[in-house]
């Protein structure tokens, strides 16, 4: 096999090992039966299947089965060439990267009703912060020009993320024909708002703490850019877990949302 290290990486996750083992034993299986055997959420199962897309195919009845490469991978696993006890922490920075994407938190949203209140509170805290410091929100951006009431700012903040939800739903269907699991996706998006949630509070407290700092305005802008980048990564992660897409596919949707956000604001004269 030409790229054994990639197979090792794929099989570090126990869910993906189990999928390969199930398909190796049962020859083919439907999505519902596979999900029940794994005991995972819809989005999570789709995500793992997407990660294994080079090794799995579907027949006319849409049942999953291993292709030739998948059969070879199953033989490696069965023969013990790939250690069955291999863990995710093989790379020293892996745990840090997982927390950058908040993967441990998103992974727990398979029962989204437990986390939906937390997600809603995070959006509300972000909206209140923007209203308090009078920053007009536009999804990934803020304007210091105060043109809306407190209630108007709160509504705009929520509408931005709700709009992103529907935009993500539409694009995942148009690009990848992926539907369903909307509640988990909505919950994950609320959690993904964390970087933009904290920005109004940084905007408020930073000048008080560093009032004599020469490059105060430039620093605040740099912080916003860093939080925007982190926000894009978290939205991509939310799409991964909520819609079951690989990161390379999810980031296409999140970047499209960002570029559309920039285009609309440019046409509105925000950057002139």
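The values are calculated or read from the model by the stated rules, or taken from the named source; none is laboratory data. Quick caveat, the model's predicted, so the values are computed rather than measured. Cβ atoms come from the backbone with ideal geometry, glycine included; neighbour counts cover every protein chain shown.
For this structure, a couple of remarks:
- Any hit, the range 101-118, residues being farther than 27 Å from residue 10 by Cβ, at pLDDT below 95, touching a helix residue (DSSP H, G or I) at 6+ places or on another chain (Cβ under 9 Å) and surrounded by fewer than 14 Cβ atoms within 10 Å (Cβ to Cβ): yes
- Among the numbered conditions (1) buried (at least 18 other Cβ atoms within 10 Å of the Cβ); (2) assigned to a helix (DSSP H, G or I); (3) under 20 Å from the mean Cα position of the chain (by Cα), the only one that residue 245 does not meet is (2).
- Filtered residues of the range 51-93 (kept if at pLDDT below 55 and surrounded by 16 or more Cβ atoms within 10 Å (Cβ to Cβ)): 82
- Residues in the range 1-41 that are over 13 Å from residue 77 (Cβ atoms), at pLDDT below 85 and part of a helix (DSSP H, G or I): 3 in all.
- When 184, 221 are checked against the criterion of being crowded, with 17+ Cβ neighbours inside 10 Å, modelled with pLDDT under 95 and part of a helix (DSSP H, G or I), 184 stands alone in meeting it.
- Criterion violated by residue 253 - all others in (1) farther than 19 Å from residue 101 by Cα; (2) touching a residue at least 24 places away in the same chain (Cβ under 8 Å) satisfied: (1)
- Single condition residue 169 does not satisfy, out of (1) at negative phi; (2) surrounded by 13 or more Cβ atoms within 10 Å (Cβ to Cβ); (3) in contact with a helix residue (DSSP H, G or I) (Cβ under 6 Å, 6 or more places away or on another chain): (3)
- Lone qualifier among 196, 227 - being under 17 Å from residue 160 (Cα atoms), in contact (Cβ under 8 Å) with a residue 60 or more places away in the chain, within 20 Å of the chain's Cα centre (by Cα) and surrounded by 13 or more Cβ atoms within 10 Å (Cβ to Cβ): 196
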